Each structure stands twice: as C-alpha cells, then as structure tokens.
C-alpha cells in the first residue's frame, strides 16, 4: 500500500537545523528522521513511498539517490509554499483510487501500522486518524469510543487525545481539500468530523514528534541508550 509522507514544511521551530536542511532530514542517531519513519512502515511490509517535497527538497532527493533495500521511493515536488492539505491534493494523480497511508515527516511511534489499517477498514470511513496521549502542550481530540466529537489543533489541554499523525485515507477524502493553501488539520478534517466520516485509532504506546530541539535531544538519547521504542527488529 502507498505511504505518503509530508516533507515540505519550513520547520521554523527547529531553526537550529532547518536553516540549512529540511526538517525531515534532521538526524536522529545517524540517520534522518524521515528514514526512521519509513523504517516503521517498511517493518510492516509497506515500502511504496510518496514523499511530498517543498522547502529544500533537493537535499531529500540527494539523500535518496541510492536505492534503499527493496523500497520504491517517489520524490514529488509539491511547492515550497504549499500547505499540508494542498500537498496531499497535489499527489492525487499518483495515488489513484486506492486507500493510502499518510503521515508527517517529523514523528515516530511504535504504533502497529497493520492494526491501524485493519481498524480503518472495519469502520469504513474516509479517513482514520491516530490518537495519542502526549505532553499537555499539544491540542486535543474529544472522543466517544472511536468517534471524533471535536478536533482542536494545538490547544493546551491536559490529559486528552491528540492527532498522532499516522493516518489511513480513502481517495474521496481529497475532495474536501480545496487548494494549495488548505491546511489538512483545518477544513478537511473538520468537515469529515461534521459528516461523521472519520474515526480515531487509539494508540496507547510510544509516540514522539520532533517539534523542538528538546524533542530531538530526547530521541537522540533514546537511540544512544538503546531505548528507541519505535525501532523493532521484528514486527507482528
């Protein structure tokens, strides 16, 4: 199944690194975080990648010039100023009429990708969003079982669910994205909530995004101490 990775943002909150390289290329241990993310999917057998490029996309292109394992890597320029929803929309011709995975280029997790897919298929909605419990500085999802009642991005509420960034998407969801300036987390997801066409897969395990230098330092520390919970030798 195809895996879309959004890798074109400016990464301004991690400017210590992103003045010279795009955020997905910031290294965790000895490889870029985007490579870690791709390893997560590949560990579950999903190796057909569509990377939506923007800011300093040529650096990502250069990194993937050498073929990796048996992966298929498609590097697609989606514009330097295109927003998250617009980047997904620009990939429509490549995705066809198939269900696809979608994620950001800055977060890792020990989420079971195939369980996420099974959940999505069972609920037959246009989009499934992963729900995780993070530090309180993030926004929230208000849930009843797996039904999303309210979606609030980056509102500081403690002890709640937030968007974990691992999605499963049906092609018809792209109809909710208007243009390049559409933010995925705003109108499209809000409309899906209103139409009761979205579900949340609750992940109780490890999840960490790399928003700030302190996040990178934490992930580096986990690698160094061999406690990187998103890295598994065997998937089930």
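Throughout, read-outs are computed from the coordinates displayed, never taken from laboratory work. Note that this is a predicted model, so its numbers are computed, not measured. Neighbour counts are summed over all protein chains in view; Cβ atoms, including those assigned to glycine, are modelled from backbone coordinates with ideal geometry.
A compact table of results
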{"item": "Modelled FRET efficiency - R0 45 Å, residue 191 with residue 227, Cβ distances, 0.05 increments", "result": "0.65"}
{"item": "The chain: antiparallel DSSP beta bridges as a percent of all, rounded to 5", "result": "50 percent"}
{"item": "Mean projected area in nm² (Cα convex hull; one quarter of hull surface) for segment 5-137", "result": "9.1 nm²"}
{"item": "Length-normalised contact order for the chain - Cα pairs under 8 Å, 6+ apart - percent", "result": "24 percent"}
{"item": "Neighbour-count ranking [beta-carbon atoms within 10 angstrom, fewest first] of 115, 146, 214", "result": "214, 115, 146"}
{"item": "Column: log10 I(q)/I(0), Debye, Cα scatterers of segment 161-236, q = 0.14, 0.22, 0.24 Å⁻¹", "result": "-0.68, -1.05, -1.14"}
{"item": "Rounded to 5, percent antiparallel among DSSP beta bridges of segment 1-65", "result": "25 percent"}
{"item": "As computed over the chain, the Cα convex hull volume per residue (Å³)", "result": "120 Å³"}
{"item": "Residue-averaged 222 nm ellipticity for the chain, from DSSP H runs of 4+ at -39500 (n - 2.57), nearest 500", "result": "-7000 deg cm²/dmol"}
{"item": "Gain upon complete extension [residue 181, residue 59; 0.36 nm per residue less C-alpha separation]", "result": "41.5 nm"}
{"item": "Order of 133, 61, 224, 23 under a 10 Å beta carbon neighbour criterion, fewest first", "result": "224, 61, 133, 23"}
{"item": "Order of 13, 87, 199 - criterion: other Cβ atoms within 10 Å of each residue's Cβ, fewest first", "result": "13, 199, 87"}
